[in-house]
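Input: a single structure, listed below in structure tokens.
The values are calculated or read from the model by the stated rules, or taken from the named source; none is laboratory data. Quantities reported herein were computed from a predicted structural model and do not represent experimental measurements. In this analysis, Cβ positions are derived from the backbone assuming ideal geometry, glycine residues included, and neighbour counts consider all displayed protein chains. For the accessible areas, the whole protein counts, side chains as well, though only heavy atoms, and no ligand, DNA or RNA atoms are used. Shrake-Rupley method; radii C 1.70, N 1.55, O 1.52, S 1.80 Å.
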Amino acid sequence: SGKFSRQQLIVIIGLSVGILFFSYSAFSHDLFNYMFDARMVTKYGVNPYNYKALDFPLDPWIRFMHWTHRTYPYGQVWLLITLPLSYLGFGKFVLTLFNFKLLFVLTHLGNVWLISKILEKTDKKNALLGVAFYALNPLILIESIISPHLDSVMLFFLLAALYFKLV
């Protein structure tokens, strides 16, 4: 509350996101499941609702996964979001991993921007504090960037709906 200027906060957010982009997803294996679920479509040409990771026992990506015994548990929109990331990974694990991490970094930054815009309309006095509270929250950083979950993407769509309702 008044300790940082807007520009300083932008630098701090940029540095934290830039560093965390390269962090390993050690706290959750969901990211690797997202990658493999899209890989089933892009590499093997099968429907992930009908197949599971264990159906491809020789694929080296399986060793990063948990929950290899289940079929695809998410909706079609999430699959449509992840398929281009898998295609643009060209079958390379690290490139695909960075594509997925980039999605989550951009989603986090989008959430920060939307929160900023919403707070400028609803509570301009505390807008910077609200942005800092979200953008630098350790739980948010861990669950959105380090070991990302699709909840941050869902939050983006929720915040976008709120923002467009206010405009």
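Scanning segment 27-60 for residues that are crowded, with 17+ Cβ neighbours inside 10 Å, of a type in the set (Phe, Trp, Tyr) and within 23 Å of the chain's Cα centre (by Cα) turns up Phe32, Tyr34, Phe36. Could you check segment 8-34 and list, in sequence order, the residues that are among the polar types (S, T, N, Q) and closer than 11 Å to Leu128 by Cβ? Correct list: Gln8 only. The residues of segment 133-167 that are small (Gly, Ala, Ser), part of a helix (DSSP H, G or I) and open to solvent by less than 30 Å² (accessible area, probe 1.4 Å), listed by number, are Ala135, Ser144, Ser152, Ala160. Count of segment 130-167 residues, restricted to those that are over 12 Å from the mean Cα position of the chain (by Cα), hydrophobic (A, V, I, L, M, F, W, C) and over 20 Å from Gly14 (Cβ atoms), is 8.
Restricting attention to segment 91-125, the residues being over 17 Å from the mean Cα position of the chain (by Cα), in contact (Cβ under 8 Å) with a residue 40 or more places away in the chain and under 17 Å from Lys165 (Cα atoms) number 4. Against the definition (surrounded by 13 or more Cβ atoms within 10 Å (Cβ to Cβ) and out of contact with any strand residue (DSSP E or B) (no Cβ under 8 Å at 6 or more places or on another chain)), how does Ser23 come out, yes or no? Here the answer is yes, as Ser23 does meet what is asked.
In segment 71-89, which residues are farther than 18 Å from Asp151 by Cα, of a type outside the set (Gly, Ala, Ser) and touching a helix residue (DSSP H, G or I) at 6+ places or on another chain (Cβ under 8 Å)? Matches in segment 71-89: Tyr87, Leu88.
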